[in-house]
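Participant: Got a structure for you, written out below as structure tokens; questions coming shortly.
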Amino acid sequence: MPVEVTPVQVLRCIAAVATNGRRPRPRLCESVPPVFDPPAGHPASDWELLRKALEDVVHDSTGTAHKSALAAFDVAGKTGTAQVADGADHAWFAGYGPTAAPRYAFVVLVEHGGLGGAAPPRIAARMIEGFIPHREK
């Protein structure tokens with residue numbers, strides 16, 4: 001069964017994980033229909049587990065975005081690949097940062113960009129360079 005989501009829906013989802021289920025309103029447009037709302041009422045430990053997993057995607061040596069320029073920043077996120085019937089797959093990265101006190105959530109979608117761990121994290125790194133700090137080593 002295919003999952004059909006828009007970039008704004010993915011943005012709301014990643015922002016909800018970053019803020020323990022709160023769904024900040026995107027500022028890209030005046031209003032967004034509430035198509036995807038993450039379930040409410042999860043214990044804090046569930047949100048902590050999700051955030052740790054998303055940090056590992058970028059900062060653990062086995063993470064799908066670890067070898068990208070994004071690993072230099074204090075962000076967490078998820079790569080994704082959306083299959084396409086004709087042509088190369090679409091590539092995604094959805095993330096947030098800074099990790100300890102998230103202020104920004106972002107989504108990069110590269111149509112026919114192949115694997116999610118390739119182009120989107122590089123683009124995200126260039127995009128967030130001015131407003132999310134580098135990760136302390």
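Participant: Tell me what the chain gives for mean residue ellipticity at 222 nm when only DSSP H runs of n ≥ 4 count, each as -39,500 (n - 2.57), the sum divided by the residue total, rounded to 500 deg cm²/dmol.
Facilitator: After summing the helix terms and dividing by the residues of the chain, the value is -8500 deg cm²/dmol.
Participant: With label points built 7 Å along Cα→Cβ from the Cα atoms of residue 136 and residue 88, find their separation and express it in nm.
Facilitator: For residue 136 paired with residue 88, the spin-label model returns 3.9 nm.
Participant: Leaving ligands, DNA and RNA out of it, work out the accessible area of residue 6 with a 1.4 Å probe and give it in Å² to the nearest 10.
Facilitator: It works out to around 60 Å².
Participant: Select from 121, 98, 24 the residue whose mean-square fluctuation is largest in a Gaussian network model of the chain (Cα-Cα springs shorter than 10 Å).
Facilitator: 24
Participant: Residue 60's amide H: which non-local residues (gap 5+, or another chain) put their own amide H closer than 5 Å, with H modeled 1.01 Å from N in plane and none for Pro or chain starts?
Facilitator: For residue 60, whose amide H was placed from the backbone, there are no distant partners under 5 Å.
Participant: Extending each Cα 7 Å along its Cβ direction at residue 8 and residue 101, get the distance between those two points in nm, one decimal.
Facilitator: Result for the modelled spin labels: 3.0 nm.
The values are calculated or read from the model by the stated rules, or taken from the named source; none is laboratory data. No experiment lies behind these values; they were computed from the predicted model shown. Reconstructed Cβ throughout: ideal geometry from the backbone, glycine too, with neighbour counts over all protein chains shown. The protein model used for the area step is the full one, side chains on, heavy atoms only, and it has no ligands, DNA or RNA in it. Shrake-Rupley method; radii C 1.70, N 1.55, O 1.52, S 1.80 Å.
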